[in-house]
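Asks: This is the structure I have questions about; it appears just below.
The values are calculated or read from the model by the stated rules, or taken from the named source; none is laboratory data. This is a predicted model, so every value here is computed, not measured. No Cβ is skipped: glycine too gets one built from the backbone with ideal geometry, and neighbour counts run over all protein chains shown.
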Amino acid sequence: MRRKPRLLLLDAGAVIGAFACEGWDQLCKSYHIVVPTIVIGEARFYHDSVGNQRPIGLDHHIESGLIERFEASATELATTIALLHPYIRDRLHAGELEALTYLRLLEEKSGIGFISADGAAIQATYAFDAARCALSLAEALKRCGITKALERKYCEEFVRKHLAEGERLLVQGLLRVDY
Amino acid sequence: MTDKQTIAERIRAAREALGYTQQTLAELAGFANLQTISDIERGQREVKAWELVQLSRALHTDIDVLLGLRTATPPIRVLWRRGSLGKDGRREAQLIERARRFAQLEQWCGETSPSTLPNEEFEPTQATYRSVEDLADRYRRILDLGNIPAASLLTTLGETYGVKIFYEPLTEEVDGDSSAACVRGDFGAAVLLNASEAPWRRNFSLAHELFHLITWDSVEEAWARDAAVGEEPEWFEQLEKFANAFAANLLLPEESLGKYMDARADKGSIRYVDLINLARKFGVSTQALLYRLAKLRYIHQETVDRVLEDPEFETLDRHSRHIHWGDAPDTFPERYLRLAQQAYEREIIGPSKLAEFLEKPLGSFPLPDSGLADAAETTLTIA
C-alpha cells in the first residue's frame, strides 16, 4: 500500500480552516496529518458555514490514531528560536515555533507539505530550508479532489506572496541570525 | 545554549519575582500538582514546549526569557493607589506584559503617539498643595482639557500621549484595597483602572495616576534615596494626598466651577439635585465635588460633612448613579484593538498571534477579513 504524504498543520488557523470548510475528513483520508502539541491546545473552536461555534477536539483524533502529535522539548524549541532573527521571531506564535522545530529537525523534507494561515510563519520556513514544502489549504484539498472557494489566507496567492516576502527577508538577513 | 538548568533557574526566578508559591504556579499553569514545578525547578525534569507556554502565560513572561534567550528586564515599580496589602505580583506583571504588547503593536503598525507625556521635576519632601494645584492648572492647559476635563482626559491621554490604559475588575483577594495602578517603562506610560468602579471614580483615578506619571522620574529617584528595597518611603502617604489634590484640581477647574456657583450665589442655596447633576456633568463623584466646593469656600466643610451623612442625599445620589453608570469598559482600550486588527489585516501577524494579543481562544471571536491586506497597503498621495 502506498504511504500517504505527510502534511503538517503549522498553526491553529490551518486546523480551524480545514474544519470550517468541511475539508478535515478528506484531508485525514488523503494525508498523514501532523499537528504540534501547542497548536492542538490552541485549535479548540471553529465556526461552521452558518456561523455556529463548534468544538474541534483534536485530542480525540490523536487517541484514535487518525493524526500524529508532534511534541517538542523546550530545549529543541530554544534552538529554533535562537536561530530566528527578532524581526520575524516576535511575530510568531509559540505553536508556530514548535511547528518550525518539527521542520528544522526533519532530515528529509521531500515527502512533506505544510499549511499555514499566517504569512509570517510561511516566511519563517525559509530559515529552515522548508519553504518549498508550503501548500495552501485550497491546494491541499484540490489534490484530494475537492475544489472550494476559500478565504484569502487559505489560497495559493497568499502562500506565494509570503514565500516571496520570506525570500526577500532571507536575502536581507532578517530571517536567521547566522546568515 | 539553553539547557534544563537554565530553564529551571529562569522559571524559579520568574515565579519568585511574582511572589508565587510552587503550588500557586502549578494551579495557574494548569498542572496537576506542585511536584511537576518542583522537579522542573530542580532541573530534574525535561520541560515540554507546551508546558513552557503554560508557564509563560501564568508568569506573564515571554518564553524567550524562560529559555534564557532574552534577558529578563529589571523589575519595574508599579505604583498602586491606596497601598499594596494582599497583592502578589500578577496584576503588575500582567499590566507590564500588556503595555509591552501595546508598544509592539505601535511599532509594527508605525503608529507611535504624536506626543510623549512630560516628566516634571518634583521633590516629594518639599512640595506643597499650592505647587500641586498649580501643576494641575498647567496640565489642564497643556493637555487642552477645556472646561469639563473629564470629558476628554481619557481620549487625550490614550490617543495623543500614547498612555496605555487597561481595565480589570480589581478584587480584594488579588489586589488588596487598591483601585488603580500606573507605571512608566520601556513601553511608555501605562495605567490600570478598576472596571468595576463607577465612571466618575475611574475619571478621578485616571487623573490621580496622571500626577504619578508626570512626576515619575523625580519620585523614583527620591524613592531610591529614602526607602529600603521593597518598602515605601515615609512620604508615600503624603504623595497620595498630593495626587488626590492634583486630580480634584484638574477635573474641577476653579474657573468653570466658579461660574456655575456664582450664577446661583444670589439665591444663597443650591438644591441636592443640582449638586448631583453638577458632579455628573464634571464626571466626578458627589463626594469629590463637595470637598472641592468646600476647598474653594463655596460651602462650609461642616455642611459638606452633614450632606454626605444625609440619607436623602445618599438615596438621590444612588438613583442618579444607576442612570449614569453605563457598561463596564473592556480590558483593552479601543486603540489597542484597532492596532491589533490593523496588524492582522496587514498580515504582519497571523490569527494565533492576534488571539494571543487579545487574550482570547482562537475561534471564539470573529476574525477580521484576511482579504484586506492589499487594500490596507494601498497608498494615496498627500497634497
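Asks: Among the residues that make up region B:364-377, is at least one of them farther than 23 Å from B:Pro199 by Cβ, modelled with pLDDT of 80 or more and either in contact with an Asp or Glu (Cβ under 6 Å, 6 or more places away or on another chain) or not assigned by TED's automatic domain parsing to the domain that holds B:Cys109 (or both)?
Replies: Scanning region B:364-377 turns up at least one residue that is farther than 23 Å from B:Pro199 by Cβ, modelled with pLDDT of 80 or more and either in contact with an Asp or Glu (Cβ under 6 Å, 6 or more places away or on another chain) or not assigned by TED's automatic domain parsing to the domain that holds B:Cys109 (or both).
Asks: Continuing with the same structure: Restricting to region B:57-78, give me the number of residues that are more than 22 Å from the chain's Cα centre (by Cα) and within 13 Å of A:His93 (Cα to Cα).
Replies: Going through region B:57-78 one residue at a time, the tally reaches 2.
Asks: Just need a number here: residues in region A:116-149 that are of a type outside the set (Val, Ile, Thr) and part of a helix (DSSP H, G or I).
Replies: Qualifying residue count for the region: 17.
Asks: Tell me, which helices (runs of 4 or more DSSP H) wholly within region B:1-80 include 1 or more residues that are of a type in the set (A, V, I, L, M), within 14 Å of chain A (Cβ to nearest Cβ) and farther than 27 Å from B:Gly188 by Cβ?
Replies: Per the criteria, B:4-18, B:34-41, B:49-59.
Asks: Quickly run through region B:98-116 and pick out the residues that are at pLDDT 95 or above and surrounded by 16 or more Cβ atoms within 10 Å (Cβ to Cβ).
Replies: B:Arg98, B:Ala99, B:Arg100, B:Arg101, B:Phe102, B:Ala103, B:Gln104, B:Leu105, B:Glu106, B:Trp108, B:Cys109
Asks: Any residue in region B:105-115 that is within 14 Å of another protein chain (Cβ to nearest Cβ), in contact with a Phe, Trp or Tyr (Cβ under 8 Å, 6 or more places away or on another chain) and over 30 Å from B:Glu27 (Cα atoms)?
Replies: Looking for residues that are within 14 Å of another protein chain (Cβ to nearest Cβ), in contact with a Phe, Trp or Tyr (Cβ under 8 Å, 6 or more places away or on another chain) and over 30 Å from B:Glu27 (Cα atoms), one finds at least one in region B:105-115, hence yes.
Asks: For region A:86-93, check the following and say yes or no: at least one residue is touching a strand residue (DSSP E or B) at 6+ places or on another chain (Cβ under 7 Å), in a loop (DSSP other than H, G, I, E, B) and more than 25 Å from A:Ala20 (Cα to Cα).
Replies: The answer is no; no qualifying residue exists.
Asks: Follow-up question, since we're still on this one. Tell me, yes or no, whether region A:157-165 has at least one residue that is free of Cβ contacts under 8 Å to residues at least 24 places away in the same chain and either touching a Gly at 6+ places or on another chain (Cβ under 9 Å) or surrounded by 14 or more Cβ atoms within 10 Å (Cβ to Cβ) (or both).
Replies: no
Asks: When you check B:Glu220 against the structure, is it in a helix (DSSP H, G or I), more than 10 Å from the chain's Cα centre (by Cα) and of a type outside the set (Val, Ile, Thr), yes or no?
Replies: yes
Asks: Which fully enclosed helices (runs of 4 or more DSSP H) of region B:108-183 have 2 or more residues being closer than 28 Å to B:Leu337 by Cα and free of Cβ contacts under 8 Å to residues at least 12 places away in the same chain?
Replies: Fully inside region B:108-183 and qualifying: B:150-155.
Asks: If I filter region A:140-149 for residues that are surrounded by 21 or more Cβ atoms within 10 Å (Cβ to Cβ) and within 14 Å of chain B (Cβ to nearest Cβ), do I get at least one hit?
Replies: No, there is no match, as no residue in region A:140-149 is surrounded by 21 or more Cβ atoms within 10 Å (Cβ to Cβ) and within 14 Å of chain B (Cβ to nearest Cβ).
Asks: Let me ask something else about it. State all residues of region A:31-56 that are part of a loop (DSSP other than H, G, I, E, B) and away from every other protein chain (no Cβ under 12 Å); if no residue qualifies, say none.
Replies: A:Tyr31, A:Ser49, A:Val50, listed by residue number.
Asks: Does any residue in region B:208-230 that is in the same structural domain as B:Pro118 (by TED's automatic domain parsing) come within less than 8 Å, Cβ to Cβ, of a residue that is of a type in the set (Ser, Thr, Tyr) six or more places away or on a different chain, and which pairs are these?
Replies: Final answer for the pair search is B:Leu210/B:Tyr139; B:Ile214/B:Tyr139; B:Ala222/B:Thr125; B:Asp226/B:Thr125.
Asks: Out of region B:188-215, which residues are hydrophobic (A, V, I, L, M, F, W, C), buried (at least 23 other Cβ atoms within 10 Å of the Cβ) and not in a helix (DSSP H, G or I)?
Replies: Result: B:Ala189, B:Ala190, B:Val191, B:Leu192, B:Leu193.
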